[in-house]
Amino acid sequence: MKGIPFAIFLGLITIGLPILYISVSHPRYKKSIVDYDLVDIESKYRQEKVQNLKNKIAEIVGENGKVLVSLDRLLNPLPMEENNRILDEVASELPKDLLDSLKDSIEELRMKWEPDSKKVQIGKEYYKNYCMTCHGMYGDSLPVTPEGLKADLGYPMYARDFTGKYHREGKVVFKYASSFLGEMAPDEELKRIIREGLPGTPMPGYPYFTDAELDYIIEYIKSLNPRWKFYKAEVRNYPQPPQDLYSEERIQRGREAFQSVCIACHRNPEAGEEPLEQPLAWYEFSEDGAILKDGENPKFQAVKARYFGKEPLRRPNPSEIFVVIQEGIAGSTMTPWKHLGDEKIWDIVSYIIYLQQKGGVDGNASR
Ligand code: HEC
Ligand code: HEC
């Protein structure tokens, strides 16, 4: 009779221990409670652009019934070939002189890309292996590790949301690869960032990925928001720094320019002042992905303006610093400063590199 309790005990151990092991050792793969629907997103985009085109046509030629009706064929998701064929048909019905003034609005409905399901599948495997813990099981930046991510300076931060569901306008925006007001980004810029990483943040570099591997990963990322289909990449220009970049005069001129405009957020690092915290364009959310509220209003993620001399730059090369100042950082309050003119921007680049070196911060992506 003694054997029965022992058998029960043994049974509990053999079943219980593995269950305990699985529940403790595996991270909790949470799915965000904020759902999003690709067909919905695409249909909304199409509706907006079709309506925009209709308004423009009606404005110029009045209610030209036939054209306006054929535009409705573009309201719902279509394969690229069919979409562009219909678009060309519609365009051919428009008077020639009108076509020119409508070109941009028509182009917004032209599909430039569609996901290749084979590539997406392969990319997804890479994504799961290398990116998911931080960028979320579904690419929405809900981290798999519940403790969250932190910048080198210790404040909490989120990985990029590739779905757009946590962006205040539902857009897919990249801080360093997108232009300030733009959405999405050229593949080349994304590849560079994935290879090099973002120093000062948890985003590591993956220098060993081949071009083909990065293509798969980017294909997967793009498949997460249909707005990519209508996007045409514009290559970025990185200008050569001037010969005298590190001259005393430049550094001094840069210091003066910096102290007249940039200290509003960056403060004066040479006087030991800490930069201000600034809001971002993405919502803050809880462990299950619910958007946090402050009374009625959603809470926004925040970031400290860069603390020069105390943390590495995300894009540390002189030409990159130039472009960041010129074009700003999308999704943040770091607006473009193009109007300062190239010479003054180079002065400030020179001063920022001086601050980094003086503070002993390694300027290069060293991870
Ligand atoms: C250890 C965490 C972590 C891992 C792993 C990780 N990332 Fe990131 N990633 C981040 C964080 C954090 C940011 C946001 C940095 C910021 O906002 O300054 C980011 C940002 C990005 C960006 C945005 C760049 C921009 O211009 O805004 C891209 C693209 C990206 N990651 C791709 C990837 C890919 C692809 C992988 C896998 C191959 C990956 N990341 C793996 C943490 C991570
Ligand atoms: C309204 C606030 C504000 C002002 C004014 C401002 N910045 Fe920024 N800046 C920020 C914020 C916020 C960040 C960090 C963004 C992030 O990491 O998401 C930043 C980041 C930067 C970076 C870091 C880029 C990198 O690769 O890490 C540089 C360089 C920079 N700012 C230069 C300037 C210069 C030069 C000026 C003046 C011409 C200026 N900023 C004015 C808010 C501001």
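No lab work stands behind these numbers, since they all come straight from the coordinates. As the structure is a computational prediction, the values presented were derived from the model and not from experiment. Here Cβ is always computed from backbone atoms with ideal geometry, including for glycine, and neighbour counts include all displayed protein chains.
What does the extension gain come out to for ASP342 and ASP37, with contour length at 0.36 nm per residue minus their alpha carbon separation? Walk me through the numbers on the way to the answer.
Details: separation 305, 0.36 × 305 = 109.80 nm, distance 4.34 nm.
Gain on stretching ASP342 to ASP37: 105.5 nm.
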Using only the Cα atoms of the stretch 98-231, build the gyration tensor, take square roots of its eigenvalues as a ≥ b ≥ c, and label the shape rounded, prolate or oblate: rounded if a/c is under 1.5, else prolate if a/b is larger than b/c, else oblate.
prolate
For a 21 Å ceiling on Cα separation, which of these pairs sit above it: LYS44/LYS232; LYS112/LYS191; LYS128/LYS222; LYS175/LYS358; LYS128/LYS171?
LYS175/LYS358; LYS128/LYS171
For the stretch 121-165, the charge dipole (Cβ of Lys, Arg +1; Cβ of Asp, Glu -1; about the Cα centre) points to a positive end, and the Cα of GLY154, ILE122, MET137 closest to that extreme belongs to ILE122
Segment ASP72-LYS56, extension gain: residue separation times 0.36 nm, minus the distance between their alpha carbons:
4.3 nm
Please say if the stretch 38-107 is rounded, prolate or oblate, where rounded means a/c under 1.5 for a ≥ b ≥ c the square roots of the C-alpha gyration tensor eigenvalues, and otherwise the choice is prolate for a/b larger than b/c and oblate otherwise?
prolate
Find the centroid of the Cα atoms in the stretch 42-113 and in the stretch 181-195, then give the distance between the two in whole Å.
28 Å
Distance between modelled label sites at GLU147 and ASP294, nm, 7 Å Cα→Cβ extension
2.8 nm
Quick calc, the chain, dipole around Cα centre from Cβ unit charges on Lys, Arg (+) and Asp, Glu (-), nearest 20 debye, gives 920 debye
Return the loop-located chymotrypsin sites (Phe, Trp or Tyr not before Pro) in the stretch 74-136 (DSSP other than H, G, I, E, B) with at most 12 other Cβ atoms within 10 Å of their own Cβ; answer none if there are none.
none
Inter-site label distance for GLU107 and GLU274 at 7 Å from Cα along Cβ, in nm
4.6 nm
The farthest towards the positive end of the charge dipole of the chain, of the residues VAL324, PRO298, VAL67, given +1 on Cβ of Lys and Arg and -1 on Cβ of Asp and Glu, is PRO298
Output for the stretch 193-279: chymotrypsin sites (Phe, Trp or Tyr not before Pro) sitting in coil per DSSP, at most 16 other Cβ within 10 Å, listed by number, reads TYR208, TYR246
For GLN278, list long-range residues whose amide hydrogen, built 1.01 Å from N in the peptide plane, is under 5 Å from its own amide hydrogen.
VAL303, LYS304, ALA305
How would the chain be classified by its alpha-carbon gyration tensor: rounded, prolate or oblate, with rounded meaning a/c under 1.5 and the a/b versus b/c comparison settling the rest?
oblate
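Which loop-located GluC sites (Glu not before Pro) does the stretch 134-211 contain, where loop means any DSSP state but H, G, I, E or B and the Cβ has at most 15 other Cβ atoms within 10 Å? It would help to have the intermediate numbers written out before the result.
Numbers: sites: GLU147, GLU169, GLU183, GLU188, GLU189, GLU196; in loops: GLU147, GLU169, GLU183.
Answer by residue number: GLU147, GLU169.
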Check: the stretch 162-231 dipole with +1 on Lys, Arg Cβ and -1 on Asp, Glu Cβ, in debye:
380 debye
